[in-house]
Amino acid sequence: MRDLQNPLTTRPWGKAHPQAYTEVADHLSVLFGRHSDRAGGWRAVADQPFQPGASAGHHSDTVFAVATWLMKNSTSFDPDQYR
């Protein structure tokens with residue numbers, strides 16, 4: 001079982017089976033979401049090319065996919081601001 005208070009204490013990252021790699025991705029999302037919540041949301045932590053409406057940035061579907069994945073554990077994530 002994952003410890004969401006300290007997500008880095010579960011399994012070693014180097015195991016060669018898919019569950020280990022999935023957990024790394026999940027842990028990254030947990031940590032990113034916490035940081036984002038403390039910093040003031042996506043706009044406070046995302047690089048300029050990943051800001052909604054950035055003219056020199058990525059396609060809006062790419063921004064939405066990245067934001068949704070990284071922010072899935074954030075309490076401040078509002079998916080409507082990316083569409």
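Any read-out appearing in this document is the output of simple, stated calculations on the displayed coordinates, not a laboratory observation. It should be emphasised that the depicted structure is a prediction, and the values quoted were computed from it without experimental measurement. No Cβ is skipped: glycine too gets one built from the backbone with ideal geometry, and neighbour counts run over all protein chains shown.
Converting phi to 3J(HN,Hα) with the Karplus coefficients 6.51, -1.76 and 1.60 and the offset θ = phi - 60°, region 25-37 yields 4, 5, 5, 4, 5, 4, 5, 5, x, 5, 4, 4, 4 Hz in sequence order, with x at every glycine or proline. Which FRET efficiency, nearest 0.05, do ASP61 and ARG34 yield, Cβ-Cβ r, R0 22 Å? The computed FRET efficiency comes out at 0.30.
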